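Chemist: Quick one: the structure is below, and I'll ask about it shortly.
The values are calculated or read from the model by the stated rules, or taken from the named source; none is laboratory data. Note that the coordinates shown come from a computational prediction; the quantities given were computed from them, not determined experimentally. Backbone-built Cβ (ideal geometry, glycine too); neighbour counts: all protein chains shown. Heads up: the accessible areas ignore ligands, DNA and RNA and are worked out on the full protein's heavy atoms, side chains in. Shrake-Rupley method; radii C 1.70, N 1.55, O 1.52, S 1.80 Å.
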Amino acid sequence: MEYSIKEIAEIIAATYPKLKDSTISILLTDSRSLSFPEQSLFFALKTKTNDGHKYIKELYKLRVRNFVVSEMSPDFEKMKDANFLIVKDTVRALQKLAIFHRKRFNIPVIGITGSNGKTVVKEFLYQLLHTEFNIVRSPRSYNSQLGVPLSIWQMSDKNTLGIFEAGISQPDEMERLQPIIAPTIGIITNIGEAHQENFISIKQKLQEKLMLFKDCEAIIYDGDDTVIANSIEAACLSHKAIAWSHTDSEAPLYISSIEKMAHQSIIRCTTLGFDRFITIPFTDDASIENVLHCIALMLYLKPTSVNNEARFTKLEPVAMRLDVKQGINNCLLINDTYNSDINSLDIALDFQQSRMVSREMKRTLILSDILQSGTLPKSLYKKVADMVQRKKVDRIIGIGKDMVTFGDTFNIEKEFYNTTTEFINSSSFKNFNNELILIKGSRHFHFEQISDLLEKKVHETILEVNLDAIVHNFNYYRSKLKPETKMVCMVKAFGYGIGSYELAKTLQEHRCDYLAVAVADEGAELRKEGISIPIIVMNPEFSSLNVLFENQLEPEVYSFRMLDAFIRETEKRGITSYPIHIKIDTGMHRLGFELGDIPLLCERIKGQSGIVVRSVFSHLAGSDSDEFDDFTLSQIELFTQAAKALEEGCEYKIIKHILNSAGIERFAEHQKDMVRLGISLYGVSASGQKGLHNVSTLRTSILQIRNVPAGSTVGYSRRGKIEHDSRIAIIPIGYADGLNRRLSCGVGEVVIKGKRCPIVGNICMDTCMIDITGIDAHEGDSVIIFGEELPVSELAEKLGTIPYEIFTSISPRVKRVYFRE
Ligand SMILES: *Cc1c(COP(=O)(O)O)cnc(C)c1O
């Protein structure tokens, strides 16, 4: 759908200096996902942590000519052929445009909200109904104040059904999303603790969520959840309510029984006097609940659609996120093997672009035919070819009849195959090497066969790292600081054990100012992989001066011996003004200059031109504990004096910083010019802050389950004494993976399906045993060692250590898997 820029200016009530004719089909809020500059309208958004106006210049260079801004700058006036629409609030403007767009369509629209399962219900509904309707739906989980308007923008004349998610994290947000989605049918999946921090109670959050359903003609919900049922009544929505229930045989959809078998469940339900049996390929409660919502919805929207039993048995699990996995021959794989519509292709290509590890790596796309697009194939594949080229894909492997037919449209290295099998059997399949491969296909192409073959099979224990959580935590601290305060992210010791490269890349994307590593080689690795922001080396060795200079790494300097060696080296190489960072000892009594050293230090610095002091800093010894607050304040005072003396002596401005994570939480008023964020970035708060997200999950799976009778023992030295008949599971993680042996014999626990299971007997080198008596667990089930449900701080406490040690003890043989939501 297209709008003229003039129409848009009117819809969002913008003022403008002048307007040149232009046609807009794409709304852009993130400068990094630009694909089609001429047709894009960029909304310069201001958030707590960033300002989109900064990217206008760069976008203009890339031929974007249409912008919505909240303030003009002289720079913009120089862009003579560009349109600037000026509004008070750019987010509101985007929302207004979406509201206008939504009003043009008179089709059923399903609005889904709730704490969990929104995306799965949406995708299940798509799977169940796409043969009867031309469906437009939110891409992935675009359910926020920005995601919702962008989702609605995809609506077009050919659609006959819309399915959109709405998520909120604060009061008032739903009020704004409601007119944008304007759902005619509502689904509330469930209500829980997620995003609770800004609400007084679950009830308040629920009331907010129900606001989405204000103008719905039907509302679908779990009638057995009394909190939801009562709120629906209180909100005077009962007359539209369609509850499903396990207990109330009068409910519109009565579930009389659910029989769970090894790989499927049979749902027996009664509606309008009819009994039905529906078989689904899931046995877990969450999936069953999600399907029940879908059945209720289908009964309301199109009762005959429920009669097609086969649809339910063919339901496929929904991949919730994009993973990067290690593949064979030095390849990395991004798996998105469950759909291939053009919107999700755009998102996946962005993700691929952002995960490039090094310039030498080739970008490869394996893509199936795009089904159910409703666009003529010729123009569709032209669009795909353009997109692929703009996103800098080097090579495409197309699979499917349409791909073969329209292969000529692509102007990059290319190969085409009629079927997945044909490709797997081809000689080309064996030749992947050093490529970042995005595997993206409609489900019936079964691309999981391709990813299974390309995936490197290693140890089954993984450390899962949520890159979105890193970004969240980074922004959480940023929002606590003044906008001009700079941030150093500490990625020393392989990013606290999590993997420094993926982290550094993510932080660089989010415009962190500095990274800090422990030794020069760590910094060199990051440079090799394309990290270009400044990097401080905390413990530079004399032997590594070469590595420092060659990689533009900035050393911490803590002694005269070091300073002199460094200055001499700059002179020898003819380098001037090389940035260094001076460390002051204010009470930690580790490395650093003392206050008394400053006069001599200034003298030494003034007499040379090889180096320049970029920053001066000190480190707090006990910022996490109020027991030491007097001491901390004295450290800060001493540092302030020393830094002032150094700055005066050098006669130029020097960046000053002293706060680490706990310091930021507890002494933000002393933030100076910069702060150093460490452990909190990784999701552990020193002072019990609630707003952080869990970043890493150490996860494994059950290898084998055995019944062990009372009186036997389990494991080495017969330490695991079995008192009652028990079910014991064996999991492939041992002390060689970093599972501390002191957690043996019931000290440590793991989590399976939300339940705690104690470790039995001594932990072995590569395995250990856990007691799963009374838990519905099967071989292959996932086991969590630490993560959201079992915080790493709890483990640390049991071991009498700190989370830092647990993170950094995880063996390198444990594969790190990075994902974004
Ligand atoms: C590791 C380190 C930090 C980060 O400390 P956290 O407690 O993890 O926030 C800050 N400054 C210096 C000098 C460090 O070595």
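Chemist: Where only protein heavy atoms count, and the probe is 1.4 Å, what is the accessible area per residue for region 30-118 in Å²?
Modeler: About 46 Å² of surface per residue is accessible.
Chemist: Quick check: at a probe of 1.4 Å, how many percent of the accessible area of region 659-789 sits on carbon and sulfur atoms? Mind dumping the intermediate values first?
Modeler: Working: 2580 of 5510 Å².
Summing carbon and sulfur atoms, their accessible area is 47 percent of the total for region 659-789.
Chemist: Hey, another quick one. Over the Cα atoms of region 105-313, how large are the radius of gyration and the largest Cα-Cα distance (Dmax), in Å?
Modeler: Final numbers for Rg and Dmax: 16.3, 45 Å.
Chemist: Please state the charge dipole magnitude for region 105-313, taken about the Cα centre, from unit charges on C-beta atoms (+1 on K and R, -1 on D and E), reported in debye and rounded to the nearest 20.
Modeler: Numbers: 16 positive and 24 negative charges, 108 e Å.
Around 520 debye, computed over region 105-313.
Chemist: Which value at 222 nm does the chain reach when only helices count, each DSSP H run of 4 or more adding -39,500 (n - 2.57), with the total divided by all residues and rounded to the nearest 500 deg cm²/dmol?
Modeler: Helix contribution divided over all residues of the chain: -8500 deg cm²/dmol.
Chemist: Would you calculate the volume per residue, in Å³, of the smallest convex hull containing every Cα atom of the chain?
Modeler: Spelled out: Cα convex hull of the chain, divided by residues, is 196 Å³.
Chemist: Same structure again: Over the Cα atoms of region 501-600, what Rg and Dmax result, in angstrom?
Modeler: Gyration radius and largest Cα-Cα distance of region 501-600: 14.4, 42 Å.
Chemist: Cross-link partners among aspartates and glutamates for LYS815, C-alpha distance below 12 Å, same-chain residues fewer than 8 apart left out?
Modeler: GLU460, GLU464, ASP737
Chemist: For region 404-451 and region 104-149, compute the distance between their C-alpha centroids and round to whole Å.
Modeler: 29
Chemist: While we're here: Under 8 Å for C-alpha pairs, at least 6 residues apart: give me the relative contact order for the chain, rounded to a whole percent. Write out the running numbers ahead of the final one.
Modeler: Numbers: 1651 pairs, mean separation 63.5, N = 821.
With pairs under 8 Å counted, the relative contact order is 8 percent.
Chemist: Using only the Cα atoms of region 322-457, construct the convex hull and provide its projected area averaged over every direction, in square nanometres to one decimal.
Modeler: One quarter of the hull surface, i.e. the mean projection, equals 7.2 nm².
Chemist: Sticking with this structure for a sec: Per residue, what accessible area does region 710-821 have, given a 1.4 Å probe and all protein chains present, in Å²? Could the numbers behind the result be given before it?
Modeler: Working: 5280 Å² over 112 residues.
Per residue, region 710-821 has 47 Å² of solvent-accessible surface.
Chemist: Shifting gears a bit: Relative to the present Cα-Cα distance, how much length would full extension add between ASN475 and GLU259 at 0.36 nm per residue of separation?
Modeler: Result for the pair: 73.2 nm of gain on full extension.
Chemist: Give, rounded to the nearest 20 debye, the magnitude of the charge dipole that the chain has about its Cα centre when Lys and Arg contribute +1 at Cβ and Asp and Glu contribute -1 at Cβ.
Modeler: Magnitude of the dipole: close to 1800 debye.
Chemist: Bins of 5 Å, beginning at zero and ending with the bin holding the largest distance: percent of Cα pairs per bin for region 221-343, please.
Modeler: All Cα pairs, binned at 5 Å, distribute as 2, 9, 17, 18, 15, 13, 9, 7, 4, 3, 2, 1, 0 percent.
Chemist: Mind checking the alpha-carbon convex hull of region 696-820 and giving the volume per residue in Å³?
Modeler: Cα-based convex hull of region 696-820, divided per residue, equals 102 Å³.
Chemist: Let me ask you something else. Where a Cα-Cα gap under 23 Å defines reach, which lysines qualify for LYS302, not counting those fewer than 8 residues away within the same chain?
Modeler: Cα-Cα hits under 23 Å: LYS118, LYS122, LYS158, LYS214, LYS240, LYS314.
Chemist: Just to verify a number: FRET efficiency for LYS203 and LYS88, C-beta to C-beta distance, R0 = 41 Å, to 0.05?
Modeler: Taking R0 as 41 Å, the efficiency between LYS203 and LYS88 is 0.75.
Chemist: Using a Förster distance of 51 Å, how high is the FRET efficiency between VAL227 and ASN425, based on the Cβ-Cβ distance and rounded to 0.05?
Modeler: 0.40
Chemist: Over its Cα atoms, what ratio of radius of gyration to 2.2 N^0.38 Å does region 372-525 give? Intermediate values should be presented prior to the final figure.
Modeler: Details: Rg = 21.0 Å, N = 154, 2.2 N^0.38 = 14.9 Å.
Rounded to two decimals, the normalised Rg is 1.41.
Chemist: Right, next: Can you give the extra length, in nm with one decimal, that the chain gains between ALA668 and LYS54 once fully stretched, where that is 0.36 nm per residue apart less the Cα-Cα distance? Don't skip to the answer; put the middle values down first.
Modeler: Numbers: separation 614, 0.36 × 614 = 221.04 nm, distance 2.65 nm.
So the chain would gain 218.4 nm between ALA668 and LYS54.
Chemist: Return the subset of LYS505/LYS755; LYS653/LYS690; LYS6/LYS209; LYS80/LYS672; LYS209/LYS753; LYS54/LYS505 for which the Cα-Cα distance in this structure is over 32 Å, preserving the input order.
Modeler: LYS505/LYS755; LYS653/LYS690; LYS6/LYS209; LYS80/LYS672
Chemist: Filter the GluC sites (Glu not before Pro) in region 413-450 down to the DSSP loop ones having no more than 14 other Cβ atoms within 10 Å, then list what survives.
Modeler: none
Chemist: Please give the FRET efficiency for ASP215 paired with LYS302, using the beta carbon to beta carbon distance and R0 = 25 Å, rounded to the nearest 0.05.
Modeler: About 0.75, to the nearest 0.05.
Chemist: Another question, then. Quote to one decimal, in nm, the extra length available between LYS18 and ARG359 on full extension: 0.36 nm per residue of separation minus the C-alpha distance between them.
Modeler: 118.6 nm
Chemist: Still on this model: Mind checking the log10 I(q)/I(0) for region 472-682 at q = 0.07, 0.08, 0.14, 0.16 Å⁻¹? Debye, one equal scatterer per Cα, no solvent, two decimals.
Modeler: -0.20, -0.26, -0.83, -1.09
Chemist: Keeping the other protein chains in place, figure out the carbon and sulfur percent of the accessible area of region 1-96, with a 1.4 Å probe.
Modeler: 50
Chemist: Kirkwood hydrodynamic radius, computed over distinct alpha-carbon pairs, for region 195-270: how many Å, to one decimal? Intermediate results must be reported in sequence, preceding the final value.
Modeler: Values: mean 1/r = 0.0715 Å⁻¹.
Final number for the Kirkwood radius of region 195-270 is 14.0 Å.
Chemist: Quick one: pull the percentage of alpha-carbon pairs in region 4-146 with a separation above 24 Å.
Modeler: 39
Chemist: Skip the ligands, DNA and RNA, and give the accessible area per residue of region 322-457 with a 1.4 Å probe, whole Å².
Modeler: Dividing the accessible area of region 322-457 by its residue count gives 42 Å².
Chemist: How many angstrom separate the Cα center of region 662-690 from the Cα center of region 479-543?
Modeler: 17
Chemist: Another question, if that's okay. Along the three principal axes, how long is region 754-819 when you take its alpha carbons, biggest first, rounded to the nearest angstrom?
Modeler: If we take the Cα atoms of region 754-819, the spans are 34, 29, 25 Å.
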